[in-house]
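Contents: one structure, followed by commentary.
The values are calculated or read from the model by the stated rules, or taken from the named source; none is laboratory data. Because the structure is predicted, anything quoted here is derived from the model rather than measured. Please note: Cβ atoms are built from the backbone with ideal geometry, for glycine as well, and neighbour counts cover all protein chains shown. Calculation scope for accessible area: heavy atoms of the full protein, side chains included, ligands and nucleic acids excluded. Shrake-Rupley method; radii C 1.70, N 1.55, O 1.52, S 1.80 Å.
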Amino acid sequence: MNTVFGVVRVLSPQADAGRPPPGQLLPEQHLVFPIAAEMITLGSDLHNAIVLFDPAVEREHALLRYQRGVWTIENLAQSSTLTVADVVVPPQMMASIAPGQCFQLGATRLQLVAPDLPLSLMVLAEEGPYTAHSPSVSLLQAPRALWHLPRGLLGRAGVVIVLLGFCVAFTLLAVTLGTLITHRVLSGDWASVITALTIPLIPAAGIVVLIALIDRYEREPWHLLLCAFLWGAIAASTPALFIETNVNQVIAALLPHSGADIVRSLLTGLNAGIIEEAAKGAGLLVLLLIMRERFENITDGILYGAIIGAGFAMTENIVYFVNAESRQTLVFLIIGRVILGWLGHSTFTACFGAGLGYMRERRAGFRPWLPPLLGFLAAVLLHTLFDFIALAANAAYNNSPNSPLVNVVTLLAAVGDYLPLLVADFILGLMLLRSLAREAGVLREYLVDEVRQGIVTPDEYVVLLRASAGQRLHRALLLARGARLWWATRSLFAAEVGLAFAKWHAALPPGDSALPFAPPSAFRARIRRLRRMLRTSLPHDQRPSSAPISPYGMRE
């Protein structure tokens, strides 16, 4: 991307509230337009630099010009008017426009987002005084946005207890899986071992890729996502495996007769739903208590719930595949758990995560405990229904394997199992898209003043709001500049996102604010230090002298 002089932002009631326009769930395009030249035209014709799909806008309606640090706009229309800060500009006339001011073409209201200072002076403001006592930033620092670790309700002792629990669970899980795998190896069944250790990785990898695509604006730290995955794979699966096995033995002892298949299947499914969802949901609660500032909204709840479910499903699938006694059972597991049900556990836990995220997003409100409770009940109900139908169908098949109704029962079981999952995924998807749109709204609204002050460059503002373009630019930067500069750029990107959300927190009404959050001034200081570091890390002939250095606006 070439150097961007400013940004034209489309204003609408939906956009200002962080909501997408009608018919558009993720407002990336058509709300922010980069000004990549000193003169650009605006109108409804496709040849314009900024195309506005407004029937009241003429084909070539206005000319926006930037010269010597001064912005002007000219009305090119034959009869239509142009309004700048509520002052009418007649056709073929010109007016000055200041950064931050609004103007209107037809029925479309827009805003010029640009630095207040001329670009030739911004580099001096960016550098600022530098002394031996100025805090330094290492290029090897992990990309983060200054979210510190609050002690919270658990405190340091609670963190130590969680880590010890991880170690105990890992030991028990390793012993259990080691025993099962050793038995297979000693019997010479290497194919089963290889299958059990490879195929369960496929759905887990798919969910990781899905999360990477979904996490667009306020990106979650990779180390927290890894911890959530390990919670599901180790800390949740181990106790659930032991408790659930013992309870199922009690249920089988109480209901040994084949006539009680339906009741036994229901109790077994309910046992799995309660125990497994409680074990996975505990990870979300621990994350909420330890890293409360990283668990801010519905998006965070769904993402962390999905990754915990992916870890749990991977371990559970390994156990099932190791215990598979026949090729028919193996095929059934691949179809039912890998192809059709790869989102099963992630969907269940994401329901509870969405409830916790809704509570965090709304904060003060009537009965804040109600959304998490409803989310957990939804997770248990979906899980119980899924297991109950599968167990009941399996019992019916075992009792009458040659019955002509077996195929009908199998089809009904498949529909009953996976249709509720699809409906739940659809609802979670809508909630996720709405939450992502609100995140984009926070960035769009709270970084405007930072662009005017020169803290955030105009091209960075565009990239922050066009997540897909930002991901492509990050990959190109990694290949062109290397990992060292890419790592620092990720830190700068995260700090700018953190600044927007810090300002959002600061703007919340009294009594509705989040738990302690780093102030906006801390993020601004970090952005300046990172930008200074980026400047000094470049060769002298590549250091721009007329504007703050931006990793996106550097010319080759």
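Things worth noting here:
- Segment 205-334: C-alpha gyration tensor shape, a/c 1.5 cut-off, then a/b vs b/c: prolate
- Solvent-accessible heavy-atom area per residue, rounded to whole Å², over segment 400-480 at 1.4 Å: 46
- FRET efficiency estimate (nearest 0.05) - Cβ-Cβ, residue 37 to residue 72, R0 25 angstrom: 0.95
- Relative contact order computed over segment 66-111 (Cα-Cα under 8 Å; 6+ residues apart), in percent: 35
- FRET efficiency for the pair residue 51 and residue 479, taken as 1/(1 + (r/R0)^6) with r the Cβ-Cβ distance and R0 = 30 Å, rounds to 0.45.
- Global form of segment 27-68, assessed from the alpha-carbon gyration tensor, a/c cut-off 1.5: oblate
- Packing-based ranking, highest mean first, of 272-283, 35-46 given that Cβ atoms within 10 Å are counted: 272-283, 35-46
- Centroid-to-centroid separation of segment 287-308 and segment 31-90 [C-alpha atoms, Å]: 43
- Probe 1.4 Å, all protein chains present, accessible-area order of 461, 320, 66, largest first: 320, 66, 461
- FRET efficiency, 1/(1 + (r/R0)^6) with R0 35 Å, evaluated for residue 472 and residue 285 via beta carbons: 0.45
- Spin-label model distance (nm) - residue 96 vs residue 377, 7 Å beyond Cα toward Cβ: 6.3
- Per-residue packing, averaged as other Cβ atoms within 10 Å, sorts the ranges 91-100, 374-383, 334-343 into the order 374-383, 334-343, 91-100, beginning with the highest.
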